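Read the structure below first, then the notes.
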């Protein structure tokens, strides 16, 4: 089935919202995610329902069909593999790759993606720590927690980030936090839950609660 890049983007957006909310996806949520109007979303979900890619009932929200889920998972797989390629092979920074991968994910070639996966030695996670579905659409899950859930004197390894905003990733780079960084909590302020941390045994840093909530950790 030939789909436009816009149709594919809608399916991916529905998948990601459903992943967070664990329920049927509202048209308002889709509009917010894609920064478009509710009217445009309504038109598109009707079109996708006609193609049997989503289930849609007015006022009851949207869910992906098996076919729609397969398309969305494939897009996420391609997007995250391209991000690995851009960071690991072309030396882009982790805050630079999202928009480029958004373009590359729409290239329709199973052979290309299969070879890309093999070339990268079948990575299970992208440069932001998000799981990459395999060719069968299966994600690798792992135990992780937010840094904000950890206690004074606990330490752990940075596995990923919840937010991919450019300014957030640039800020992490500026304060020497990256995937694989080891963080030890030195102090937590009662007033605002900001933290004093030690990064990789050498960098002292005070971070906000917002940052600690968006860092995904494996506790040592």
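With distances taken between every two different alpha-carbon atoms, the chain has a Kirkwood hydrodynamic radius of 19.0 Å. Per Stokes-Einstein, at 20 °C and 1.002 mPa s, what whole-number D in µm² s⁻¹ belongs to segment 44-111, with the Kirkwood radius over Cα pairs as the hydrodynamic radius? In µm²/s, the coefficient rounds to 157. Where a ≥ b ≥ c are the square roots of the eigenvalues of the C-alpha gyration tensor, would you call segment 39-155 rounded, which needs a/c under 1.5, or, failing that, prolate if a/b is larger than b/c, or oblate? It comes out oblate by the Cα gyration axes.
Taking the Cα centre of each part, how many Å lie between segment 28-70 and segment 78-108? First find each Cα centre; the distance between them is then 26 Å. Mean residue ellipticity, 222 nm, helices only, the chain: the sum of -39500 (n - 2.57) across DSSP H runs of n ≥ 4, divided by residue count and rounded to 500, is -13000 deg cm²/dmol.
For segment 120-220, the square roots a ≥ b ≥ c of the C-alpha gyration tensor eigenvalues yield an a/c of 1.5 or more together with a/b exceeding b/c, which makes the shape prolate. Quick check: from the Cα gyration tensor, does segment 5-64 come out rounded (a/c under 1.5), prolate or oblate? The shape class here is rounded.
Any read-out appearing in this document is the output of simple, stated calculations on the displayed coordinates, not a laboratory observation. For clarity, every value in this text was computed on a predicted model and none was experimentally measured.
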